[in-house]
Each structure stands twice: as C-alpha cells, then as structure tokens.
Amino acid sequence: MKITTMSALVCTALLAASCTMTKNYTVNAKSGTMTQGTATFAQKGKNVSMDLNVYKLTPGIHAVHIHEFGNCSAADGSSAGGHWNPTTESHGKWGKDEHHMGDIGNLVADKQGTARLMFTTDKWCLGCTDESKNILGKALVIHADKDDFKTQPTGNAGGRVGCIEIK
C-alpha cells in the first residue's frame, strides 16, 4: 500500500511539473526606435500568462499582437508577418465578438515611456500539438500606435517598434 501511494504521489508531481513552463525574452527594437524590455510567458496547466515590460516607448497607447512568424530579422519587423489568425476571424478586441488569436490589445506607456501589460488565457499554449493554440514559433510585436479594434486586418496600429521571437 505504501509503495502504491508513493508511486501515485511521484506520478502526480511529474505530471504537474510537465504542465509548467516559463520562457523569458528580450524585446528587439525595430523601425529605428530605442524600444527595450522583456516578456515572460508562463504556462501553468491550461493557462498561459504573459508579463510584458517595455521601456523607451513614446508616451501613449501602443498595440500588442502575436504575429504569424517567429522572425524579427527585418529592421521594420515585417519579417514577423501579419497577425496570427489560425481561426480566420476578423480583427477585433479580445473577448468581444470576433478577434484573431493574436489580438492582445493595448498597453499604455507613461511619460517616461514605460509600460507593462499582463495577460492570461487558456486559448494559447507553449509547445502543444494544437497549432490553433501554440504560440511557439510566433512573434510578439509592439506597434507604434494604438489598436482601434475595428480596422481590418490590423487595427490601424501603425509601424512595429518592438519584436520578440517566441521560441
């Protein structure tokens, strides 16, 4: 009985550990900006959280999206492609009507150009086999302007000032 109980506890601990993953990234400045920052993605069970801290932005509102390619090599960030949209929905606001899986929303930079955005969803995963949820191999893009949540397909968010390859 003790061996069975101990085996069950070990298996449960291994299962819990296998459902947890954390990845840390540095923001790459794009389009001639000085944008800096970090992003942490953590998966715990079925939820993925994102903690984005950005510095040296122009003060104001900036859109944040997941883009289809994990490639930030172009000086203007265009190598990241368009918004990640595996379900072919219209662009919109997360949680309201239709939206891309990459439609995260806006972050607000203060007078010093510092901004933080925290986001959690069960609609993403880190490395799972469901390509409509897996964000590994995509890019996180910070835009110059705010997302208006209606202009198709980009939300009229302007140029790309920061980019992260989610690996």
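Where a number appears in this text, it was derived from the coordinates with a stated rule and is not lab data. Everything quoted here is computed from the prediction, not taken from an experiment. Neighbour counts run over all protein chains shown; Cβ positions are idealised from the backbone, glycine included.
Assorted remarks:
- Extreme residue, nearest to the chain's Cα centre (by Cα), among residues of region 109-122 that are farther than 11 Å from Asn53 by Cα and surrounded by fewer than 16 Cβ atoms within 10 Å (Cβ to Cβ): Thr120
- Residue check for Glu89: under 17 Å from the mean Cα position of the chain (by Cα) and either of a type in the set (Asp, Glu) or surrounded by fewer than 16 Cβ atoms within 10 Å (Cβ to Cβ) (or both): no
- Output for region 32-72, where each listed residue is aromatic (Phe, Trp, Tyr) and closer than 19 Å to Asp103 by Cα: Phe41, Phe69
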